[in-house]
Amino acid sequence: MVAMTDRVDFDVDQGIAVITVNNPPVNALSHAVREGIYNGVKKALDDDSVIGVVIFCEGRTFIAGADISEFGSAPKEPHLPAVLSLLDESTKPIVAAVHGTALGGGLETTLCCNYRVAVSGAKFGLPEVHLGLLPGAGGTQRLPRIVGVEKALSMVTSGAPIGAAEALETGLINMIVGEDLRSDAVAFALSKAALDTPHPRVRDNQKKLQSAAANPEIFATVRKMIARKTRGFLAPEYNIRCVEAAVSQPFDEGIKTEGKLFRELMAGPQSKAQQYFFFAERQASKVDGIDKNTAEIPINTVGVIGGGLMGGGIAMNMANVGIPVTIVETSQAALDRGLGTIRKNYENTASKGRLSAEDVETRCGLITGALDLGALADCDLIIEAVFENMAVKKDIFTRLDGIAKSDAILASNTSALDLNEIASVTGRPESVIGLHFFSPANVMKLLEIVRGEKTADPVIKSCMAFAKRIKKVAALVGVCPGFVGNRILFMRQHQANLVALEGASVEQVDKVLFDFGFPMGAFQMADLAGLDLGWDKAASASATVRDRLCEAGRYGQKTSAGFYDYDERRRPDPSALVADLIKDHAATSGIDQRDISDEEILDRCVLPMINEGAKILEEGIAMRASDIDVVYVYGYGWPVYRGGPMHYANSVGLDKVLAKLRHYQALTGDDFWEPSPLLVSLADKGQRF
């Protein structure tokens, strides 16, 4: 065995050169890997005793993509296209031997081999779209030539991988082999080396392009089909254009088109934001200050107090990964209703083909109901998920303290209340933590983990690990009203309501936020959540527009009327009644209405979010600016192609953000616009969050 580089070895087995990549953890296409493959293939081609080549990877996967840590730095030769050209031009058969995943540049590498074999559990994909990019080494030109245009469009616009069985069916691979991948790949290469016929190159295959060439409307169909899901994103459209080029242009011209569009995306703000967020998500799981040797508390059984929409959704997360969970409710009727909703949710998923009937029964079987908190005595983790009332929560935790086992983790799903006050009624505040799930809890990826002033490190570490286990993205935050997400949201909602009082229509405000990239605007979101959430009917005195709407029975979507009117399919229509009500409330409040520009609306909704984020950082409520962005992308629908509020501020320029805050402070005389000292300091120094 000869080392081509410190990451790639070269060996000859029965006349077949085996080029072995060993670059853990995912065998990314770093410079050392590119150089090693290039030198290994060249050595094989120059050696007359070598009759074929196998590219094989050690570890748990084939090449799983580019080395993203090299993005933004000066590239070193050989560049990936040069490596792939050498593979493509080989006169000796080259076989890619795939296990784990062949993703991005890894799949592009296999497409430049003459043959591909894989184990049954292998997966193949081009996920570059998730980084705001497209496959830049021929992937958009070769993939449609081997799997067909329709399948290629699906893969490059969604980034979703396919399994080995589908890869075999579509022609992406030649054979599914046994678990002795290296030996089977060598045997396969020997069989192909014995042939007298030329070895196939994907680039030469025009057959699977012919259908799309004859029916170019397929591209318009795909654009229409993905329009809603990909609204605002550039990369899906650029990927489609590249596949169009594969159909309409000669291969070499298509490669040039792909390269041009790749460079445009790479230089643009969306790919920068999406690459930033890729790292931000991974960084959020790291907790500074906790010893890596801190023991985790085993979590094998979970209790949930409250079987409503939130509690039921929380319970589903556990059942989805095989963890038994007990739901406690106050009445049999409420318990039956909650368990029934869970079953209905699973059955709806099964009806769409995403679960089997057996899966439904297995998951429902993991969820049991009870009417007594005593049923939770042996649970490792107990999550309180009742409505937002401090007295009720304190009563529950007082009772839990006398029921739960000594090493149980006691969690509250509170979205805004003081966790320290809740913990104070127990004799074990070190075991109390906030686990703020987002609704619907079985769908939303974010989990705000709230660290109380006395929460112990093992509890924090265990909950961070548990979040990953139940497939949530966790962000650790501190205690303050609303924590990170809702505290920032309060600022945006305050200004949205104010600009509506000052003359902007509800639908204008929502359209500005929708066009910015949010899935819905401030008022549609309020209607969805329910205007009566936290509203006290007995104390209401028409002090706000929201009070007046609730007093009129307009609670939002659930009553078919809130800031909007809703039809039977819950589609919103502007409400003349609400417009008049807002106008009347402005008059009684002494507010003169005026025309307000879209630019002012966006500034007044987004700038306070940035400013509040800076205050949160200054107070140590969030560990990192990027954690705030993770909370906002996964919890509140901030468009990932804008990175999150803190990244967005960096991209705009903190000096410009500061100038606008001071402009509105001077204009209104309102201390609401007082810039955060941290923001002022960073802007003055020319620094970033």
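No value in this document is a laboratory result; all are computed from the given coordinates. Note that this is a predicted model, so its numbers are computed, not measured. FYI the Cβ positions are ideal-geometry reconstructions off the backbone, even for glycines, and counts take in every protein chain you see.
Assorted remarks:
- Tail fraction, Cα-Cα pairs, the chain, threshold 47 Å, whole percent: 28 percent
- Student exercise, the range 105-195 dipole from Lys, Arg, Asp, Glu Cβ charges, in Debye to nearest 20: 220 debye
- On the principal axes of its alpha-carbon atoms, the range 425-552 has extents of 52, 37, 22 Å, going from largest to smallest.
- When Rg and the Kirkwood radius Rh are both evaluated on Cα atoms of the range 598-684, their ratio Rg/Rh stands at 0.95.
- Cross-link pairs exceeding 28 Å between alpha carbons, from the set Lys42/Lys272; Lys292/Lys394; Lys208/Lys260; Lys286/Lys615; Lys468/Lys685: Lys42/Lys272; Lys292/Lys394; Lys468/Lys685.
- Kirkwood Rh in Å, taken over all unlike Cα pairs in the range 67-186: 14.7 Å
- Compactness of the range 331-449 as Cα Rg over 2.2 N^0.38 Å, two decimals: 1.19
- An ellipsoid equivalent to the range 1-126, defined through the eigenvalues of its Cα gyration tensor, has semi-axes of 20, 17, 13 Å when rounded to whole angstrom and sorted largest first.
- Near Val328, once Lys and Arg are set to +1 and Asp and Glu to -1 for all other residues with Cβ below 12 Å from its Cβ, the sum equals -2.
- Exposure proxy ranking for Ser85, Ser356, Ser412, based on other Cβ atoms within 10 angstrom of each Cβ and starting from the fewest, stands as Ser356, Ser85, Ser412.
- Stretch in the chain that is longest and holds no GluC sites (Glu not before Pro) that DSSP places in a loop and that have at most 15 other beta carbons within 10 Å: 180-295
- Dimensionless Rg ratio for the range 2-267, taking C-alpha atoms and the 2.2 N^0.38 Å reference: 0.96
- Panel order for Ile68, Ile610, Ile162, by other beta carbons found within 10 Å of each beta carbon, from fewest to most: Ile68, Ile162, Ile610.
- Candidates Pro639, Ala193, His130 compared by Cα position along the dipole of the chain: farthest toward the positive end lies Ala193, with charges placed on Cβ.
- Computed magnitude of the charge dipole of the chain (debye, nearest 20; Cβ of K, R +1, Cβ of D, E -1): 840 debye
- Separation between Cα centres of the range 543-576 and the range 411-426, rounded to whole Å: 32 Å
- Options Met155, Ala561, Val545, ranked by Cα towards positive dipole end of the chain, top entry (Cβ charges): Met155
- Bridgeable lysines around Lys537 (alpha carbons under 22 Å apart, same-chain partners fewer than 8 residues away excluded): Lys393, Lys558.
- Lys/Arg +1, Asp/Glu -1 at C-beta; the chain dipole; positive extreme among Ala235, Leu533, Ala213: Ala213
- Averaging the Cα positions of each part gives two centres, and for the range 637-689 and the range 111-131 these lie 43 Å apart.
- Area projected by the alpha carbon convex hull of the range 486-588, averaged over all directions, nm²: 6.5 nm²
- In the range 9-65, the convex hull through the Cα atoms has an average projected area of 3.6 nm², a quarter of its surface area.
- Size of charge dipole - the range 2-267 - debye, nearest 20, with Cβ of Lys, Arg +1 and Asp, Glu -1, no other charges: 1020 debye
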